[in-house]
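The values are calculated or read from the model by the stated rules, or taken from the named source; none is laboratory data. Everything quoted here is computed from the prediction, not taken from an experiment. For neighbour counting, all protein chains shown are included, and Cβ atoms are generated from backbone atoms with ideal geometry for every residue, glycine included. Please note that ligands, DNA and RNA were not included when accessible areas were found on the heavy atoms of the full protein model with its side chains. Shrake-Rupley method; radii C 1.70, N 1.55, O 1.52, S 1.80 Å.
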Amino acid sequence: ELKQDDDAVRHWFNHWIATGFTGIEATLAASKATGRFCYGDSPGLADICLVPQIFNSMRYALDLSPYPTIQRIHKACMALPAFDLGHALGEGWNCVVNGDFDSEAGFACVVATDMSAAMGGPPPETMT
């Protein structure tokens, strides 16, 4: 256990989230492949990975104003029912990993299941 107070934990999380977002923002903003979503105009794995980090940044009150492309993509993702169902701050999560509920995996499980069905494929039978 780290035995750090809440301010130290928030500072640590925000440092690493901001470090990652700075690189991601620069890449997304410069790429011709970036569309409505991280890669083009359809959601994909990059978007599924990005959205939980947005929730982490909100949880630790990181200023997102330096990341307009990330914010725009997040807004586009959250307009889709598949992402909204997996919203980390809401209800309706339905994922069990190794017998225990796992919030990070829960988000990915809900989104992957809904997106698979939305894209015409069968929903995954198991997500672990």
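A few notes on this one:
- Condition check for Lys32: open to solvent by 20 Å² or more (accessible area, probe 1.4 Å), under 12 Å from the mean Cα position of the chain (by Cα) and of a type in the set (Lys, Arg): no
- Annotation note: Cβ proximity below 6 Å between a residue of segment 45-59 that is in contact (Cβ under 8 Å) with a residue 60 or more places away in the chain and a residue that is among the β-branched types (Val, Ile, Thr) and surrounded by 17 or more Cβ atoms within 10 Å (Cβ to Cβ) (sequence gap 6+ or interchain) occurs for Ile48/Val111.
- Segment 46-68, residues that are open to solvent by less than 20 Å² (accessible area, probe 1.4 Å) and more than 21 Å from His11 (Cα to Cα): Asp47
- Count of segment 52-76 residues which are of a type in the set (S, T, N, Q) and in contact with a Leu (Cβ under 9 Å, 6 or more places away or on another chain): 4
- Pairs where the first residue, in segment 1-28, is free of Cβ contacts under 8 Å to residues at least 12 places away in the same chain and open to solvent by 40 Å² or more (accessible area, probe 1.4 Å) and the second is assigned to a helix (DSSP H, G or I) and among the aromatic types (Phe, Trp, Tyr), C-beta under 8 Å, 6+ apart: Gln4/Trp12
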